[in-house]
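Since the structure comes first, as structure tokens, the remarks are kept for the end.
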Amino acid sequence: FNALQTQAFHALYGTDDSALVAAAPGCGKTLAAELALLRFFRQEAARAQAEGDGYVRRRAVYIAPFAALVRSRAREWRRRFGAVQGGKSVVVLSGDTAGDLRRMENAHVVLATPAAWDGLSRRWRQRQRHAVRDVGLVIADELHWVGGAGLGSSADDATGGDAGEGEDDAGADAAGAQLAATYEVVVSRMRYMAAQLERPVRIVALSVPLSNARDVAAWIGAPAAAVFNFHPAVRPIPLEIHIQTSTIPHFASRMAALVAPTYRAVCGDPTGAQRRGRRHPIGGDSAMDVDQGAIDPAERQPAIVFVSGRRQCRTVAGELLTLAAADGVPARFVLGDAAAVERAAQGVADRALRGFLAFGVGYYHEALAAGDRRVVAELFAGGMIQVVVASRGSCWALDAVHAHTVVIMG
């Protein structure tokens, strides 16, 4: 456990109180949810033994704002809890009410987006929805999205298409506002349902640091001793931030100008301290060559570059490889065995992506085939390629992928 998890351990695993854990991303909040789940499993096993034939199973519900995050968590928990107490059933709600109710009958953990759980729990009083009423634990992940108006949303879950060049910001903001309202309703409904049924429902909320943590804690019914609102600077791994500004108003021109700083960043030289000082053949004065000799190949770290939409993914990936070729090291982004990377790339349907992967750069967006996305994620997670250029809407699908450097372009 890190220091944050240690502080919250007793409240999560040693009590039945609702809890709020607000900390910066990467601090291990998922483990906090798993501690609450393990306590819930232990209590359910004891209750089943005590009640015998009269035992009625209660379920844990995990709610996250985006379907990609729900799917990622389901894969992880099926692997992690598959052997706990004879195996726990983890199901994901699809939005089909009849099918979801059948799947919930034998489920131990139910995962859903706010919209999916709203559709299922809205008529919780109906007799056939007893599985909705038999909930003992609710884990509300990314709860700060209840203030999501104006934050935009994932194309996978809200806009249903390409973010393009920022053209759908108004639609994304509207989707974010709708998501926020739905999320607030489903959490409030679970507290109301618990009060009406006179059955305690524990709510464990996970969030980024909040300015109104006490208000949120009062809303979910968490006592002061179970509120952990850490400062954004409190992180188990230090975060270093570099900002590259641009005064170019035109989007395409601005993105083109930011390719060179991005190239330096993924090469481990975000400030340009290792550049040679000569004019680069591409980009004029703004693109400075990175000294390959100054970077130990063993120290090259994985990097993710986020762009506004899928059209920019291929463009930026190609520009990065062009700059590497101009430096005379076209394969500088290949971290693993080049032959192994090429063999893996042969299974990719996208021809452009297949060629990019051979040189250590992949791209990832919603329109890629599922098999292509899987190959890119596996090569990157396995340390075979150094760079993945991803659309902003796919950030939640890359939840399980870790990177040393993250660049947000545009």
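Some points to look at:
- Options Pro200, Pro238: the member that is out of contact with any Ser or Thr (no Cβ under 7 Å at 6 or more places or on another chain) and without any contact (Cβ under 8 Å) to a residue 60 or more places away in the chain: Pro238
- Residue match in region 182-196 (condition: open to solvent by 50 Å² or more (accessible area, probe 1.4 Å), at pLDDT 90 or above and among the aliphatic types (A, V, I, L, M)): yes
- Counting only helices (runs of 4 or more DSSP H) that sit completely within region 1-115, those holding 2 or more residues that are among the aromatic types (Phe, Trp, Tyr) correspond to 3-13, 29-51, 67-81.
- One residue stands out among those in region 1-47 that are surrounded by fewer than 23 Cβ atoms within 10 Å (Cβ to Cβ) and in contact with a Gly (Cβ under 7 Å, 6 or more places away or on another chain): the one that is farthest from Arg80 (Cα to Cα), which is Leu4.
- Of all residues in region 120-143, none are open to solvent by 70 Å² or more (accessible area, probe 1.4 Å), at pLDDT below 95 and in contact with a strand residue (DSSP E or B) (Cβ under 6 Å, 6 or more places away or on another chain).
- Residue pairs meeting the criteria (Cβ under 6 Å; at least 6 apart or on separate chains; first touching a residue at least 40 places away in the same chain (Cβ under 8 Å), in region 36-48; second β-branched (Val, Ile, Thr) and open to solvent by less than 40 Å² (accessible area, probe 1.4 Å)): Ala36/Val204
The values are calculated or read from the model by the stated rules, or taken from the named source; none is laboratory data. Since the model is a prediction, treat every value here as computed from it, not as a measurement. Methodologically, a virtual Cβ is constructed for each residue, glycine included, from the backbone with ideal geometry; neighbour enumeration extends over all protein chains shown. Areas reflect the complete protein model, heavy atoms only, side chains present, ligands, DNA and RNA absent. Shrake-Rupley method; radii C 1.70, N 1.55, O 1.52, S 1.80 Å.
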